[in-house]
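The structure appears right after this line, and notes come after that.
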Amino acid sequence: MREGPSLASVILTSIITSIITAVITVLLVQRLGLGGAGEIVPDLTGLSQADARANVEGKGFIFLISGRKPSPTAVAGTVLSQSPPPGSRAKSGATISVTLAGETPRVPDLVGRSVAEATVLLEQAGFKISVGPETASDKVPEGKVAKQEPAAGLPYEPGRTIVVNLSSGPEQKPVPKVTGMGLNRAKRLLEEAGFKVGKTTYRYDEDWSPYVVLGQQPRAGDKARPGSAVDLVVNED
């Protein structure tokens, strides 16, 4: 009668099998990065590219720049985001990818330009344009950009809208009353208010002294642009 395996042989086989299983399990865990083993991923946010690389490689990881993204708040070249996130664990040799802050475009100076010119400049810089209400301006010619928001030179996120306001010309002012005054006094008052004497016509009215202003156009209180002419009707001698 053939004898079966001895107890010692069975125990030895079981031990060897357990050891092999344990070794395979450890290798799989290391290969797949499973379990709690591994280095803690450092927080790279705000670091320069050089500092982030040194930090990552110093812990045995591989450093990778996955892209750049403009940011109005972050310094260009610093880390905006990373993967895996800080505080997580990764095995030695794992890749840590980062997104760096790119150069944020600045708003171009649009004052004094036409809408067409402003549109081209904004599109070249990556912005959109919106035309708001007109605004009075003593310095910018009518129809040109008098104001913009945001102001020129500020960093601004690409794709956002810049609002421009076109000049309606100088702010209009009320025309002073000069009827009933002598011609010389009327001229002086108009000039002091920023206007000039326009066409002067004469007619006779016996109820008034010679050279008294009988009428004016625009009328007193009407609004007109500074520098515009006020026509006068003057009593003749």
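Give me the residue from segment 172-215 that is at pLDDT 95 or above and of a type in the set (Lys, Arg) and, out of that set, surrounded by the most Cβ atoms within 10 Å (Cβ to Cβ).
Across segment 172-215, the extreme among qualifying residues is Lys187.
On the given criteria, is Arg113 free of Cβ contacts under 8 Å to residues at least 60 places away in the same chain and surrounded by fewer than 18 Cβ atoms within 10 Å (Cβ to Cβ)?
Values: free of Cβ contacts under 8 Å to residues at least 60 places away in the same chain: yes; surrounded by fewer than 18 Cβ atoms within 10 Å (Cβ to Cβ): no.
So Arg113 does not fit the description; no.
Does Ile96 count as in the same structural domain as Lys69 (by TED's automatic domain parsing), under 28 Å from Ser71 (Cα atoms) and without any contact (Cβ under 8 Å) to a residue 60 or more places away in the chain? Walk me through how you get there before you give the answer.
On the way: in the same structural domain as Lys69 (by TED's automatic domain parsing): yes; under 28 Å from Ser71 (Cα atoms): yes; without any contact (Cβ under 8 Å) to a residue 60 or more places away in the chain: yes.
For Ile96, the condition - in the same structural domain as Lys69 (by TED's automatic domain parsing), under 28 Å from Ser71 (Cα atoms) and without any contact (Cβ under 8 Å) to a residue 60 or more places away in the chain - is met.
Of all residues in segment 58-72, which are surrounded by 17 or more Cβ atoms within 10 Å (Cβ to Cβ) and either outside any strand (DSSP E or B) or at positive phi (or both)?
Once the filter is applied, which keeps residues that are surrounded by 17 or more Cβ atoms within 10 Å (Cβ to Cβ) and either outside any strand (DSSP E or B) or at positive phi (or both), segment 58-72 yields Phe61, Ser71.
So how many residues does segment 73-93 have that are part of a loop (DSSP other than H, G, I, E, B) and in contact (Cβ under 8 Å) with a residue 24 or more places away in the chain?
Taking segment 73-93 and keeping what is part of a loop (DSSP other than H, G, I, E, B), we get 73-77, 84-88, 91-93.
Going one step further and asking which of them are in contact (Cβ under 8 Å) with a residue 24 or more places away in the chain, we end up with 74-77, 84-88, 91-93.
Residues flagged as part of a loop (DSSP other than H, G, I, E, B) and in contact (Cβ under 8 Å) with a residue 24 or more places away in the chain within segment 73-93 amount to 12.
Check Leu100, Leu80, Leu122 and return the single one that is surrounded by 13 or more Cβ atoms within 10 Å (Cβ to Cβ) and touching a helix residue (DSSP H, G or I) at 6+ places or on another chain (Cβ under 9 Å).
On the way: Leu80 fails: touching a helix residue (DSSP H, G or I) at 6+ places or on another chain (Cβ under 9 Å); Leu122 fails: touching a helix residue (DSSP H, G or I) at 6+ places or on another chain (Cβ under 9 Å).
Among Leu100, Leu80, Leu122, only Leu100 is surrounded by 13 or more Cβ atoms within 10 Å (Cβ to Cβ) and touching a helix residue (DSSP H, G or I) at 6+ places or on another chain (Cβ under 9 Å).
Would you say Glu123 is assigned to a loop (DSSP other than H, G, I, E, B), among the charged types (D, E, K, R) and either assigned by TED's automatic domain parsing to the domain that holds Lys69 or without any contact (Cβ under 8 Å) to a residue 40 or more places away in the chain (or both)?
Values: assigned to a loop (DSSP other than H, G, I, E, B): no; among the charged types (D, E, K, R): yes; either assigned by TED's automatic domain parsing to the domain that holds Lys69 or without any contact (Cβ under 8 Å) to a residue 40 or more places away in the chain (or both): yes.
Against the criterion (assigned to a loop (DSSP other than H, G, I, E, B), among the charged types (D, E, K, R) and either assigned by TED's automatic domain parsing to the domain that holds Lys69 or without any contact (Cβ under 8 Å) to a residue 40 or more places away in the chain (or both)), Glu123 does not qualify.
Quick test of your reading of the structure: Asn55 fulfils all but one of (1) in a loop (DSSP other than H, G, I, E, B); (2) at pLDDT 95 or above. Name the failing condition by number.
Looking at each condition in turn, Asn55 falls short on (1).
Please list, ordered by first then second residue, the pairs with beta carbon atoms under 8 Å, 6 or more apart or interchain, first in segment 129-141 and charged (D, E, K, R), second exposed (fewer than 15 other Cβ atoms within 10 Å of the Cβ).
Asp138/Glu171; Asp138/Pro226
Does segment 135-149 hold any residues that are of a type outside the set (Val, Ile, Thr) and either touching a helix residue (DSSP H, G or I) at 6+ places or on another chain (Cβ under 9 Å) or part of a loop (DSSP other than H, G, I, E, B) (or both), and which are they? Outline the logic, then answer.
Taking segment 135-149 first, the residues of a type outside the set (Val, Ile, Thr) are 136-139, 141-144, 146-149.
If the condition is that a residue be of a type outside the set (Val, Ile, Thr) and either touching a helix residue (DSSP H, G or I) at 6+ places or on another chain (Cβ under 9 Å) or part of a loop (DSSP other than H, G, I, E, B) (or both), then Ala136, Ser137, Asp138, Lys139, Pro141, Glu142, Gly143, Lys144, Gln148 are the ones that fit.
The values are calculated or read from the model by the stated rules, or taken from the named source; none is laboratory data. Since this is a predicted model, take the numbers as computed values, not measurements. Quick reminder, even Gly has a Cβ in these numbers, built from the backbone with ideal geometry, and neighbours come from all protein chains shown.
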